[in-house]
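Report on one structure; see the data block that follows.
Each value in this text was obtained by applying a stated rule to the coordinates, not by laboratory testing. Fair warning: this is a prediction, and the values are worked out from it, not measured in the lab. Reconstructed Cβ throughout: ideal geometry from the backbone, glycine too, with neighbour counts over all protein chains shown.
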Amino acid sequence: MVSSNTASFKEILIISGHPDASSFCGSIANRYADTVKLAGHSVQVLHLGDMRFESSLKAAYKQVQPLEPDLQHAWDLIINSQHLVFVFSIWWGGMPALLKGFFDRVLLPGKAFKYRPGTNQCDGLLAGRSAEVFTTMDTPPWYYRWVQFEPAHRQIRHMILGFCGIKPVRITALGAVRGADEAQRKAWLSQVAKQAQSALA
């Protein structure tokens, strides 16, 4: 049984939703992983751009679409993890299509959530896990929050992770990445490391 006490988690899964593993998102994922490894925790990193799977739920929920080996491996890691970390860039106000497709394929009824008989209400089946999300953007984070109303943040916190019972979900926006120099990128990576340490405290 997965413990709900974030101070005791040992199994951590980091998922980078950027198609390019060598991107700044990839650097964030790797820095988080390096930090928790030093603390003695078990960590797995998945770069979705390196995985092979069909990102489209072709028949919607009308029939079962078997998981490819990479997706089955990812699901097994999710089930065995107590803390999940997601890293992705904000594109067109939302998450990359690759990450959205990953969620569509992996978080399935009867596995990640279930409907209550005779109702439209659902229960999350991934309760007991916490999550942390890092997003990068060319827009200043304050503008994304107060002017654009942070649609991707709301979606992943409430409509995806929260819907499946995962909480709390802490989100950190890093930006504006466009035009940021090397010193700024290093500062952001230091911030990621500090937050990884605080999540383990």
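Note down the nm distance, to one decimal, between modelled labels 7 Å out along Cα→Cβ at Arg170 and at Ala97. Each label point lies 7 Å from its Cα, and together they span 3.4 nm. Computed over the chain with a Gaussian network model linking Cα atoms closer than 10 Å, the most mobile of Ala97, Ala29, Ala59 is Ala59. For His153, neighbours were defined as the other residues whose beta-carbon sits under 13 Å from its Cβ, and their charges (Lys and Arg +1, Asp and Glu -1) total +2.
Using only the alpha-carbon atoms of the chain as identical scatterers, what base-10 log of I(q)/I(0) does the Debye formula give at q = 0.11, 0.12, 0.15, 0.16 Å⁻¹? For the chain, the Cα-only Debye profile gives -0.50, -0.60, -0.95, -1.08. Express as a percent, rounded to the nearest 5, the fraction of DSSP beta bridges in the chain (both residues included) that run antiparallel. Roughly 15 percent of the DSSP beta bridges within the chain come out antiparallel. Measuring nothing but how far apart in sequence close Cα pairs (under 8 Å, 6+ apart) lie, relative to its length, the chain scores a relative contact order of 26 percent. Once the gyration tensor of the Cα atoms in the range 51-135 is diagonalised, the equivalent ellipsoid follows with semi-axes of 21, 18, 15 Å, ordered largest first.
Between helix 182-200 and the chain there is an angle of about 50 degrees, using the helix long axis and the longest principal axis of the Cα atoms. Fully extending the segment from Ile79 to Lys10, taken as 0.36 nm per residue of separation minus the present Cα-Cα distance, adds 23.5 nm. Site-free segments of the chain were taken between trypsin sites (Lys or Arg not before Pro) in DSSP loops having at most 10 other Cβ atoms within 10 Å, sites themselves excluded; the longest one is 63-177. According to the Kirkwood relation over distinct C-alpha pairs, the hydrodynamic radius of the range 121-186 is 13.1 Å. Give the angle, between 0 and 90 degrees and rounded to the nearest 10, that separates the Cα long axis of helix 69-79 from the longest principal axis of the Cα atoms of the chain. With both axes taken from Cα atoms, the answer is about 80 degrees.
Convex hull volume of the Cα atoms of the range 5-78, normalised per residue: 109 Å³.
Size of the range 98-157 from its Cα atoms: along the principal axes, largest to smallest, the extents are 44, 22, 22 Å.
Relative to the dominant Cα principal axis of the chain, helix 24-38 is inclined by about 90°. Among the listed pairs Lys37/Lys194; Lys10/Lys114; Lys111/Lys167, those with a Cα-Cα distance over 19 Å are Lys10/Lys114. Distance from the Cα centroid of the range 34-98 to that of the range 121-146 is 15 Å (rounded to whole angstrom). Of the chymotrypsin sites (Phe, Trp or Tyr not before Pro) in the range 71-122, the ones in a loop by DSSP (not H, G, I, E or B) with at most 15 other beta carbons within 10 Å are Trp92.
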